[in-house]
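Following: one structure in structure tokens, then a few remarks.
What follows draws every value from the coordinates through simple rules; no lab data is involved. This structure is a prediction, so every number in the text was calculated from the model and none was measured. Cβ placement follows ideal geometry from the backbone for every residue including glycine, while neighbour counts extend to all protein chains displayed.
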Amino acid sequence: MNLPLSHPIRVRLTTEQAAEHLSVKPSTLEVWRCTKRHAIPCVKAGHKVFYWCDDLDTWLESRRVQPVVLEQA
């Protein structure tokens, strides 16, 4: 399949690779997925599960906590 150059290339990750990307254990990622504890997008194709790297990055960014700057009196 030939894609136009403007078509973005998406990196597909296994559960093990996605867990490494998120710095968690694969079993933790599996529990989060099964219990829906965190809304991390994934793709299920039969018995296979995979994640798009850009979806993981977007999810990580959504978890960012901004520091609170306190004013001195």
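Just a few scattered comments:
- Rg/Rg_ref, the chain, where Rg_ref = 2.2 N^0.38 Å and atoms are Cα: 1.47
- Computed magnitude of the charge dipole of the chain (debye, nearest 20; Cβ of K, R +1, Cβ of D, E -1): 360 debye
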